[in-house]
Structure formats: structure tokens, C-alpha cells
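One structure is given here, and the rest of the page talks about it.
Here, each number is a calculation from the coordinates, and none is a lab measurement. Being a predicted model, the structure only gives us computed values, none of them experimental. No Cβ is skipped: glycine too gets one built from the backbone with ideal geometry, and neighbour counts run over all protein chains shown.
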């Protein structure tokens, strides 16, 4: 690869075709069913079935079938919750043998392995999970009426891999009994399954910047666990009704 500089002195990477293919080509890393092919590209080594975010597939190799989740695929309870909430958890089954490549708007991807554990994830930020993981939609009832549409998250539990996404690099904050953590709901990505956050309303911020301010409503985490945030306020996505 040759070093070529633009007018501002910035190094521009230019490749021959062979160099480009060699540098950017897919590599088998031997990390398991979920691999980070790039920090914004997930490779699923498929041999069976996984659940992926609808619209997350960007390419695949092999004999793979994609099926949108059926109305009663996960039971009547989840169907009713999705109908009421419009929660942004719309899934597709990927089945077969091959490799599936997933991405979500250039967001950064993190792979987590649950070992008989549980975690809450913002519905917008859930990219994929193994079939061995069970999930359910959870609503924070205390926030109803404070934020448009309320606040809904997905609880995942069991043993297996999940992939979550963040705008830029995630930051994990530890929650202890003597040090609670307060976060902006739109910047909150995930938290440990043992935590049950409350909603805190900051009256002074309401007074100062107006009642529509997102910062006037905060999630309050108390106990022992962790919370994952991102340096970005993500607007909740509502699944279009079919």
C-alpha cells in the first residue's frame, strides 16, 4: 500500500485491487457462532436457527432461509404487548447452514455471552440472539405519561450469545448500594437483569429548559449491578403496523 497525502497532509489509503481484497476480506476468527468481522459488522456462523433484528441482514453465504416472525410465534402475550406498545422489537428467523452478516446503521456491535444470566436491552439496540435465549417485552409503568410512548425494553435470559449495538463506544457504569446511577433514557442501552430502575423527575431542569426536555426525566438505578450507556440520545423507534 502506498502512502498518498491530500492537500491538507492527511494520509489517504489507496490499494491495488489485490491489496484491497486482501485487507478487507472476510476472515474466520474461530470465535464461535457470533464473531465480530468488523466492529460494525457481525458474522453469524449459522448451523440451525438464530433470531435477528428485521432489516439487519446485509449479506449471507450458504443455504439460509429468512422468515419474518409469525403473529403468534412467541405466544399471545408478546403479541398483545407489541400491539399495545409498538415496541421496536421486530424479529426475523435465520435458519440453515452458512454465514450471515448483520449490521445496523453503522452502529458499533458488542457480543455478550449469557451464562444462565439475564440482561435488559433497549429494543432499538438488540441485533441478534441465539435460540437458546428467552425474551420478553417489559414496560416501565412509572414512565407512562412522562415520555411519549412510554419506555419499553427487552429482557433476555438464559445461556447463549446476544449481540447489541451502540452509537459509538459504550460505557458501562457500576451500580452499588451506596452509589446509584442516573441516566438519560434515550442514552441508556442495557442494564443487568437484577436491577429494576425507577424514574426520577428533575423539577429544576423542567423549570429551566421546559417540560419537553428529555433530561428532566431520568432512569434511577439502585442496588448492585451495571448499566450501559452510549454517547448519543437515540429516539425510540416504533414498528410500523402491518
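For 43, 224, 234, 95, which order do you get if you count the other beta carbons within 10 Å of each Cβ and list the fewest first?
In increasing order of surrounding Cβ atoms, one gets 224, 95, 234, 43.
Tell me, 202, 104, 125 in order of fewest to most beta-carbon neighbours within 10 Å?
Least to most surrounded, the residues fall as 202, 104, 125.
Which length gain, in nm to one decimal place, applies between residue 224 and residue 17 when the Cα-Cα distance is subtracted from 0.36 nm times their residue separation?
Gain on stretching residue 224 to residue 17: 69.3 nm.
Using Cβ counts within 10 Å as a stand-in for footprinting exposure, how do 120, 60, 168 rank, fewest first?
By the 10 Å Cβ count, ascending, the order reads 168, 60, 120.
How far is the Cα center of segment 99-134 from the Cα center of segment 21-54, in Å?
Each part's Cα centre sits 13 Å from the other's.
How far apart, in nanometres, would the label points at residue 132 and residue 116 be if each is projected 7 angstrom from Cα along the Cα-to-Cβ direction?
1.3 nm
Would you mind computing, in nm to one decimal, how far apart the modelled labels at residue 93 and residue 36 are, each placed 7 Å from Cα along Cα→Cβ?
Rounded to a tenth, the inter-label distance reads 3.1 nm.
Could you calculate the contour length gain from residue 233 to residue 68, that is, 0.36 nm times the residue separation minus the distance between their Cα atoms, to one decimal place in nm?
56.5 nm
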